[in-house]
Structure formats: C-alpha cells, structure tokens
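First the structure, in the form of structure tokens, and then the observations on it.
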Amino acid sequence: MLLIKAENAVTAWKKALVSLLRDGDETDNSKYFRDEPALIELSKPSIEPVDPLFPMSQKDLDIINRFICTGEKEDQVCHEWTRIYHHRMFDEPNSQIRYLIEKLKLDEPAGEAQISMWDKSVDQEREVSPCIQIVWGRKRSGSLELHVHAHSCDAYGKLLMNLQEFISLQHYLASELGLRVGRYIHFLDSCHVHTEDVDAAEAVVTGFAATEAAS
C-alpha cells in the first residue's frame, strides 16, 4: 500500500507515481503494470500550476477545476467522468451538494455528510461509470477537511487531475461554509499504471529526476 504525505497535489502526484513504479507490486494481469491501494494526505491543498510533465494541458485542467463547481463550459470538458461527478453532486431534485452543505452546517459532526457518486440504476451496465465513489466532509477546528474515495485511478494520466478537481470542490465548499481549507485525504483502492503507458510513465519519472538535478 502506498502512503503519500505532501503539502500539495503536484508533489503528491510525483511521489505516488515514483513510489508505484519503483516499489509497487507486479500484477497478475496484462492490463496494469503496477497496481496498489493508496492513501494520499495533503496538508495544504491548493491549486498549483500543472507540472509540465503531466500529460494534460493547463487549459484543460483549468476548465475541469472550474466546471466541477460551477457547471460552466461543459462542452469544453475533456474528461467525461468529470461531467458525471458534477451532475451527480449538483443536479436537482435532492441536490447532494446542498445536502452535504446543510449537514456540515450542523454544530455536531454528522457522519452522513457525504455524497455518493454511484447510481445503480445506470452504472452497473454503463461503459463510463464514476471512479470516484464517495465525497465526505467534516469540520475540524474551523476548517473543512475533505475525504475522497475512489475505486481506481490511473497514476500516470489522471491522478493529478482528480486531486486538483476535488481540491477545487473543497475550496468551493469551504467558501460556502465560511471555513478555512483543512486537510485533504484521497483513498484509492487501485492506484495503477496501465501496461501500455509504462514507457511514458518511466519517461516522466526520469524527467522528475532531471528537473531536480538542474534546480
């Protein structure tokens, strides 16, 4: 199991990808090259400029990070799963984001302060179904701590995007509640690198080392 602690998402992504490629278990299938459960804890979750080695543009990430909270420019969102996440959280009737905010306004902790992304009526047979399963929040010492649980994530091509979009959501929720932004915790049942992406992922890790040596 990978245990990653960092201040921000970019650093966490780098640590997770390096740890997975260097120390992750080999798999018994041809789909994944490496595959591990992972727990990522960020002490100062914020949105930083994308690392140039991440295989997604800053423009696409900016659109995703804004869309997940506002629903703006949906036609420009390049990640189909993000569209699902926004609609599952915000759509009426019975908006889950409104429910979460009302639970977090209570004086005492409420374990029910959560959002479920899975809809059994469509997702069991759907080709594109949500990887993020649960978003859970709590107040702690005047700050909002957010937990996000995913059944799987591509550490090379998607992890940094997922971290940033849900950190964006955390900032949105904290603003709505008048709280500071607290810890961000991301659980992954399967943090993996696809076999077809091994060479590209190794090149990225080599690029990390070259950047550090030059700095």
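Taking only Cα atoms, what is the 0 to 90° angle, nearest 10, from helix 9-23's long axis to the longest principal axis of the chain?
Compared with the principal axis, the helix lies near 50 degrees.
So what are the ³J(HN,Hα) numbers for the range 24-41, from phi and the Karplus equation (6.51, -1.76, 1.60; θ = phi - 60°), rounded to whole Hz, Gly and Pro as x?
My calculation for the range 24-41 gives x, 6, 5, 9, 9, 9, 8, 6, 10, 7, 9, 7, 9, x, 8, 10, 10, 10 Hz in order.
Considering only the chain, what is the antiparallel percent among its DSSP beta bridges, to the nearest 5?
Close to 60 percent.
Going by alpha carbons, how many degrees (0 to 90, nearest 10) lie between the helix axis of 80-90 and the longest principal axis of the chain?
Value to nearest ten degrees: 20.
Under 13 Å Cα to Cα from Lys103, which aspartates and glutamates show up? Leave out anything in the same chain fewer than 8 places away.
Glu112, Glu176
In the range 27-119, if the dipole is taken from +1 on Lys/Arg beta carbons and -1 on Asp/Glu beta carbons about the Cα centre, which of Asn29, Ile47, Gln58 is farthest to the positive end?
Gln58
Please compute the length gained on full extension between Thr11 and Glu212, using 0.36 nm multiplied by the number of residues separating them and subtracting their Cα-Cα distance.
Numbers: separation 201, 0.36 × 201 = 72.36 nm, distance 1.24 nm.
Value of the extension gain: 71.1 nm.
Using the crude model of +1 on Lys and Arg Cβ and -1 on Asp and Glu Cβ, and no other charge, please compute the dipole size for the range 122-215 relative to its Cα centre, in debye to 20. Don't skip to the answer; put the middle values down first.
Values: 7 positive and 13 negative charges, 169 e Å.
Magnitude of the dipole: close to 820 debye.
Using the crude model of +1 on Lys and Arg Cβ and -1 on Asp and Glu Cβ, and no other charge, please compute the dipole size for the chain relative to its Cα centre, in debye to 20.
860
So what is the relative contact order for the chain, in percent, with contacts set as C-alpha pairs under 8 Å and at least six apart?
Taking the mean separation of contacting Cα pairs over the length of the chain, I get 28 percent.
Hey, quick one: spin label on Glu176, modelled 7 Å out along Cα-Cβ, who in the range 52-75 has an amide N within reach, i.e. under 12 Å?
Only 69-71 fall inside the zone, counting backbone N under 12 Å.
Under a point spin-label approximation (7 Å from Cα along Cα-to-Cβ), what is the Glu108-Asp75 distance to one decimal in nm?
Going by the 7 Å Cα→Cβ label model, 5.0 nm.
Report, in whole Å, the centroid distance computed from the Cα atoms of the range 173-191 and the range 94-171.
If we compute the Cα centre of each part, the gap is 8 Å.
Just to verify a number: FRET efficiency for Ile101 and Ser43, C-beta to C-beta distance, R0 = 30 Å, to 0.05?
That pair, Ile101 with Ser43, gives E of 0.80.
How many Å² of accessible area per residue for the range 70-166, probe 1.4 Å?
Per-residue accessible area for the range 70-166 comes out at 50 Å².
Roughly speaking, to the nearest percent, how much of the chain's 1.4 Å accessible area is carbon and sulfur? All intermediate terms of the calculation are to be shown ahead of the outcome.
On the way: 5250 of 10750 Å².
The value for the chain is 49 percent carbon and sulfur by accessible area.
Which angle between 0 and 90 degrees, to the nearest 10, do you get for helix 159-177 versus the longest principal axis of the chain when only C-alpha atoms count?
Once rounded, one gets 20 degrees.
The values are calculated or read from the model by the stated rules, or taken from the named source; none is laboratory data. This one's a predicted model, so the numbers in the text were calculated from it and none came from an experiment. FYI the Cβ positions are ideal-geometry reconstructions off the backbone, even for glycines, and counts take in every protein chain you see. We work out accessible area using only protein heavy atoms, side chains counted, and drop any ligands, DNA or RNA first. Shrake-Rupley method; radii C 1.70, N 1.55, O 1.52, S 1.80 Å.
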